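Trainee: So that we are looking at the same thing, I have put the structure below in structure tokens.
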There are 2 protein chains.
Amino acid sequence: MSSAAQSPETERVVIIGSGPAGWTAAVYAARANLQPLCLTGVARSDPAPVLPGGQLMLTTEVENYPGFPAGITGPELMEAFQKQAERFGTRVLEEEVERCDFTTRPFTLRTDTGRVVRTYSVILATGATANWLGLENELKLARTGGGVSACAVCDGALPIYRGAQLGVVGGGDTAMEEATYLTKFAGTVHVIHRRDSFRASKTMQDRLLKAANVKVHWNKAVVDVVGDERLQSVTLEDTQTRQRSSLALGGLFIAIGHQPATRFLAGSGITLDAKGYIALGSRNSATNIEGVFAAGDVADAVYRQAITAAGMGCQAALDCERWLAAGGVH
Amino acid sequence: MSSAAQSPETERVVIIGSGPAGWTAAVYAARANLQPLCLTGVARSDPAPVLPGGQLMLTTEVENYPGFPAGITGPELMEAFQKQAERFGTRVLEEEVERCDFTTRPFTLRTDTGRVVRTYSVILATGATANWLGLENELKLARTGGGVSACAVCDGALPIYRGAQLGVVGGGDTAMEEATYLTKFAGTVHVIHRRDSFRASKTMQDRLLKAANVKVHWNKAVVDVVGDERLQSVTLEDTQTRQRSSLALGGLFIAIGHQPATRFLAGSGITLDAKGYIALGSRNSATNIEGVFAAGDVADAVYRQAITAAGMGCQAALDCERWLAAGGVH
């Protein structure tokens, strides 16, 4: 490392983000004596609701994070992650990174408070947010486990959905996949789509439509989500005739895409893939810029699970630690 | 699926192995309603000690599996994983798969009891075992957290190793990496090697040898591990003069390689990589045989952590589920 390594202001590693990937990277980096600084982000509601702790902060029961056979709530799990990271010496600032400069070394990060952080390496773990319809009631019922969800793999197996009438909103590959997954549990899966054809690949459409318990509602938009503690029904509006109708549902899965949180990377030189996610090495966490690593949903359009994000966070910390040990600064 | 799908004897998915990767695959496969069968393996001591539950069964305190800020023992963690997999409908047989036939579909697996299991898909999660020196006391002290370990990243940060005299046995890349990692914690790192030069790459050697607190003991073999509850010292034998000496140590890290558990795959057609690990797709869990997926240390020579193995198990289950949903049988 250059002499600047001795400067107290230059961090060895900064972790941006505070979901399963960020905290796991912090646990491993802290145990490797790197004294990581974690910039958690701040609570925001635009364009989608975001909290430090990530998407699990909007989740009631997590049944599929291994190690908790009785389940655990999302916020409890994230609190445990943070505690563990802090136990080994992670320093935490609840600030939002707004700009990254990776063109000079050490790297420079600027946060919402005007703070400037200099660091030899960075782990990007800012996650992604599900797109929502933006209807009243939708997020409330999602947060309280009241029958609205943006993740079939996460929530489809819950008892409340068994044998129920389940709606899936969307027409892309993800919507087909979520709907296909739900056919195992649902009485009927109602796929609700604004247009008269799916954007999804033919293969994915065929896979879905061969299931016996699928009904497609073409040219329909969900304009209201009805239910107090639990979802009762949705109001559909025909996108051509504007005629409204009610559809009774026990569950509603929103599958209209995700937005990886990469806006703060604009102009940073980090390469994104065709879908806007951070592009990684074949089986590691390296981005196109040496010393910058990424983990979790911001770099994963496929699996998007707490446990996969955590595994990626560990990889990023180990990759980063080995890179720093190898000399780090170029 | 072909008509054989209706046959009660044909499984949809069989998971082979019962460490973090296997149980996580089971949790996800079970929640996807695939009613997975998990073949856990049986306890063996040859060539290395192996237990259902994997390497964590030989571990006392696990401090780096995220979600447990106070730590958890390896066996407790694996019990929780298994319970969670069973809660969602995983069936478990404590049997060892001895042969796989992937040339005809459904696939055929044969276990140590003579049982023949037919299945449409398989997730290989048999793990790997660390190589040990084979000395009395070595494994006892490893199992009880008494100062012997085969994983610096897992155990190096434990308080008992801070500022201590730490031995690392080996001369390959992994030994260099483990020793470099331990320089952050140790008073002195003593690298003990049988020969007069390292097999490791020049880069890895340089990285290690530039640390101030490293001492290399060339041409020395560890022939005895001394200590009752806690490691006190090792006896070294000069491999050329046969002269013996004692070296006081607070910790001993064995870094003489790992053995992925792939013997049962002999003749199965599964492609292994240059190091003998199962070769996977770029960022997924697919092996070279459609319908056979792999996860965890049996397919990972790089990270080898409980959390990375668990993440891979989740990926394998989701990949497998999607493959079955797409038609599965070819």
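Trainee: Just checking, does region B:214-234 include any residue being touching a residue at least 24 places away in the same chain (Cβ under 8 Å), more than 20 Å from residue B:135 (Cβ to Cβ) and within 14 Å of chain A (Cβ to nearest Cβ)?
Mentor: The answer is yes, given that some residue of region B:214-234 is touching a residue at least 24 places away in the same chain (Cβ under 8 Å), more than 20 Å from residue B:135 (Cβ to Cβ) and within 14 Å of chain A (Cβ to nearest Cβ).
Trainee: Right, here's the next one. Among the residues of region B:55-66, which ones are outside any loop (DSSP other than H, G, I, E, B) and touching a residue at least 40 places away in the same chain (Cβ under 8 Å)?
Mentor: B:55, B:56, B:58, B:61, B:62
Trainee: May I ask you to verify whether residue A:18 is of a type in the set (Gly, Ala, Ser) and away from every other protein chain (no Cβ under 13 Å)?
Mentor: no
Trainee: Exactly one condition in (1) among the polar types (S, T, N, Q); (2) more than 17 Å from the chain's Cα centre (by Cα); (3) at pLDDT below 95 is not met by residue B:129; state its number.
Mentor: Only one criterion is unmet by residue B:129, namely (2).
Trainee: Could I ask something else about it? Just checking, does region A:307-327 include any residue being farther than 28 Å from residue A:199 by Cα, more than 24 Å from the chain's Cα centre (by Cα) and of a type in the set (Lys, Arg)?
Mentor: yes
Trainee: Looking at the structure I just gave you, is residue B:139 touching a residue at least 40 places away in the same chain (Cβ under 8 Å), open to solvent by 20 Å² or more (accessible area, probe 1.4 Å), outside the structural domain of residue B:54 (by TED's automatic domain parsing) and within 18 Å of the chain's Cα centre (by Cα)?
Mentor: Yes, satisfied.
Trainee: Which of the residues spanning region B:1-23 are more than 15 Å from the chain's Cα centre (by Cα) and modelled with pLDDT of 95 or more?
Mentor: Those that are more than 15 Å from the chain's Cα centre (by Cα) and modelled with pLDDT of 95 or more: B:10, B:11, B:12, B:13, B:14, B:15.
Trainee: Please verify whether residue B:104 is of a type in the set (S, T, N, Q), in contact with an Asp or Glu (Cβ under 8 Å, 6 or more places away or on another chain), assigned by TED's automatic domain parsing to the domain that holds residue B:268 and open to solvent by 50 Å² or more (accessible area, probe 1.4 Å), treating the condition exactly as stated.
Mentor: Spelling it out, it is not the case that residue B:104 is of a type in the set (S, T, N, Q), in contact with an Asp or Glu (Cβ under 8 Å, 6 or more places away or on another chain), assigned by TED's automatic domain parsing to the domain that holds residue B:268 and open to solvent by 50 Å² or more (accessible area, probe 1.4 Å).
Trainee: Condition first: open to solvent by 50 Å² or more (accessible area, probe 1.4 Å) and touching a helix residue (DSSP H, G or I) at 6+ places or on another chain (Cβ under 7 Å). Now tell me which residues in region B:107-136 satisfy that.
Mentor: Once the filter is applied, which keeps residues that are open to solvent by 50 Å² or more (accessible area, probe 1.4 Å) and touching a helix residue (DSSP H, G or I) at 6+ places or on another chain (Cβ under 7 Å), region B:107-136 yields only B:132.
Trainee: Further question on the same structure: Which ones in region B:43-54 are within 14 Å of chain A (Cβ to nearest Cβ) and not in a helix (DSSP H, G or I)?
Mentor: Correct list: B:53 only.
Trainee: Of the residues that sit in region B:287-323 and are of a type in the set (S, T, N, Q) and within 10 Å of another protein chain (Cβ to nearest Cβ), which one is farthest from residue A:305 (Cα to Cα)?
Mentor: Once the filter is applied, the top-ranked residue is B:305.
Trainee: Any residue in region A:164-176 that is under 15 Å from residue A:132 (Cα atoms) sitting within a Cβ distance under 6 Å of a residue that is among the small types (Gly, Ala, Ser) and in a helix (DSSP H, G or I)? List the pairs, counting only those 6 or more apart or interchain.
Mentor: A:168/A:175; A:168/A:179
Trainee: Answer with yes or no whether residue A:57 is within 14 Å of chain B (Cβ to nearest Cβ) and either among the hydroxyl-bearing types (Ser, Thr, Tyr) or within 30 Å of residue B:19 (Cα to Cα) (or both).
Mentor: So residue A:57 does not fit the description; no.
Trainee: Counting only residues that are open to solvent by less than 40 Å² (accessible area, probe 1.4 Å), out of contact with any strand residue (DSSP E or B) (no Cβ under 9 Å at 6 or more places or on another chain) and away from every other protein chain (no Cβ under 12 Å), how many does region A:71-96 have?
Mentor: Residues that pass the stated criteria total 0.
Trainee: Considering region B:272-286 alone, what residues qualify as being of a type in the set (A, V, I, L, M, F, W, C) and at the interface with chain A (Cβ under 10 Å from one of its Cβ atoms)?
Mentor: If the condition is that a residue be of a type in the set (A, V, I, L, M, F, W, C) and at the interface with chain A (Cβ under 10 Å from one of its Cβ atoms), then B:280 is the only one that fits.
Trainee: Any idea how many residues of region A:306-330 are more than 17 Å from residue A:15 (Cα to Cα) and open to solvent by less than 10 Å² (accessible area, probe 1.4 Å)?
Mentor: 2
Trainee: Shifting gears a bit: Going through region B:12-37 one residue at a time, which ones are assigned to a strand (DSSP E or B) and either touching a Lys or Arg at 6+ places or on another chain (Cβ under 7 Å) or more than 24 Å from residue B:115 (Cβ to Cβ) (or both)?
Mentor: Residue satisfying the conditions is B:37 alone.
Trainee: Would you check if there is a residue in region B:194-213 being open to solvent by 10 Å² or more (accessible area, probe 1.4 Å), within 18 Å of residue B:64 (Cβ to Cβ) and not in a strand (DSSP E or B)?
Mentor: Checked region B:194-213: no residue is open to solvent by 10 Å² or more (accessible area, probe 1.4 Å), within 18 Å of residue B:64 (Cβ to Cβ) and not in a strand (DSSP E or B).
The values are calculated or read from the model by the stated rules, or taken from the named source; none is laboratory data. Everything numeric in this text was worked out from a predicted model, so none of it was measured. FYI the Cβ positions are ideal-geometry reconstructions off the backbone, even for glycines, and counts take in every protein chain you see. Side chains included, ligands, DNA and RNA excluded: accessible areas come from the protein's heavy atoms. Shrake-Rupley method; radii C 1.70, N 1.55, O 1.52, S 1.80 Å.
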